[in-house]
Amino acid sequence: MGSTGTAAAAGPTEAYERRGASDATGVALLGACAAWSLITAGVHGGSPEGVLLAVLAVAAGYAGGRICGALLPVAAPCAGALAGLGLAAAAPHVALGPASPLGHAGATAALLILATGAACCAAWAARTPAARVALRLLAAGITGAAAALGSPAGFTGCALVLLCSLAAALARRRAPALSALAVATLLVTGVSLAVADRTLPGGLTAPLEGQLGRHRVLLWRDALGIAEREPAMGVGPGRYGDVSPLTADDVLSDGKPHSAPLQLASEQGVVGVALLAAVFCWLLYALWRSPRSTQVVLSAGVALTALTAVAAVGNALSMTTVTTGAGLLAGIATARPLTDEPPDGAGTVGAGATPRSP
């Protein structure tokens, strides 16, 4: 009995140590992103401020989400969902499509997706059926608002998040689902790179280019060409618009290739892309180790994965509101609430979750 009691007492301590190691890994990766942007800027010139601001936004949002998620596990994501909807409604209403300008459309879609994910997290954290229904109606309302705002990417992403959140009631283990999200992210990124590299079959390339827009695809190919010329360190943060011949002839260009992986590849080389991938993998690992219910974890995971899909074909991660919102949602989904949370839909603790001590 003595050994059993000792093991039970050591369980929470080991869990805290593992979460502390996960947090330390996240700090190290974000610090590496900031340091690498300064290194590449020192070698090739450029403006690392944008990367530094994005890193700070993610870190601040994550820390704030951990605090708010612990104190207000239902109210915090609900407030975040309403704030995201308000920011999206206030943004310029342009669709993320082939005929739209390459501006804030990706940010609008990303905010709506994150808002839906936050509403779904709040619904699973609610203790009463009525509250859960109300919060799911909020998520459905955000999905409808995406359609009303003319954001097809936002509508598709929001609907996917809502449906996957509802399907999470059947989940017994979170690790397979999070692995599937990682594979989905890899596939979306791989397809975007294949489109830029002209390696997709002709029957697939033409329809995708029609959906994405010819100008966007040309920007991707331009960024890929720059990355091939400077594979190690890129041309320097924020310098894509300065060295790209395509943007030099376009007075309406904002100096970005509208793809986060390709922008990092062209401006910071393969190391920058690897660091971005490592940060996303860290977020998935933090969700796997989260003490929250599996349904909350998967709702947040699907929203963050949908965000990566939008970022792969747009400039969503260039907006501070988006990076802050992503960090906030991840922080809420990995926080340890001070009050007891409803158990998993299956009535068991999801794989990777740490049971609460009595």
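For a quick protection proxy, order the peptides 106-116, 23-33, 185-195 by their average other-Cβ count within 10 Å, most packed first. Could you put the intermediate results ahead of the total?
Values: 106-116: 32.4, 23-33: 16.3, 185-195: 18.0.
Peptide ranking by packing, descending: 106-116, 185-195, 23-33.
In whole percent, and with a 1.4 Å probe on the protein chains, what portion of the accessible area of segment 102-235 is carbon and sulfur? Each step should come with its number before you reach the end.
Values: 4130 of 5770 Å².
For segment 102-235, the apolar C and S fraction of the accessible surface comes to 72 percent.
For residue 238, the residues 5 or more places off, or on other chains, whose built amide H falls under 5 Å of its own are 47. Nearest 0.05, what FRET efficiency do residue 186 and residue 206 give at R0 = 22 Å with Cβ-Cβ as r? Between residue 186 and residue 206 the formula returns 0.40.
Note on surface exposure: 285, 62 rank 285, 62 by accessible area, highest first, 1.4 Å probe. Annotation: peptides 330-337, 67-74, 207-214, ranked by per-residue average of other Cβ atoms within 10 Å with the highest first, follow the order 330-337, 67-74, 207-214. Rounded to whole numbers, the Karplus 3J(HN,Hα) couplings from phi for segment 302-307 are 5, 4, 5, 5, 4, 4 Hz, using 6.51 cos²θ - 1.76 cosθ + 1.60 with θ = phi - 60°, and x at Gly and Pro.
For segment 113-170, the Kirkwood hydrodynamic radius comes to 11.1 Å, computed from all pairs of different C-alpha atoms. If R0 is 51 Å, what FRET efficiency do you get for residue 214 and residue 79 from their C-beta distance, rounded to 0.05? Approximately 0.80, to the nearest 0.05.
Rg over Rh for segment 84-224 works out to 1.04, using Cα positions for both radii and the Kirkwood form for Rh. Sorting the Cα pairs of segment 21-160 by distance into bins of 5 Å, from 0 upward, gives 2, 10, 15, 15, 15, 16, 13, 9, 4, 1, 0, 0 percent per bin.
The phi torsions of segment 259-266, fed into the Karplus equation with coefficients 6.51, -1.76 and 1.60 and a -60° offset, translate into couplings of 6, 4, x, 6, 5, 5, 4, 6 Hz, rounded to whole numbers, with Gly and Pro shown as x. Scalar couplings 3J(HN,Hα) for segment 41-46, obtained by applying the Karplus form with A = 6.51, B = -1.76, C = 1.60 to θ = phi - 60°, are 5, x, 7, 10, x, x Hz; x denotes Gly and Pro.
The calculated FRET efficiency for residue 127 paired with residue 166, based on their beta-carbon distance and R0 = 25 Å, is about 0.85.
The values are calculated or read from the model by the stated rules, or taken from the named source; none is laboratory data. What you see is a predicted model, and the numbers here were worked out from it, not measured in a lab. Using ideal geometry, Cβ is built from the backbone for each residue, glycine included, and neighbour counts are taken over all protein chains shown. Heads up: the accessible areas ignore ligands, DNA and RNA and are worked out on the full protein's heavy atoms, side chains in. Shrake-Rupley method; radii C 1.70, N 1.55, O 1.52, S 1.80 Å.
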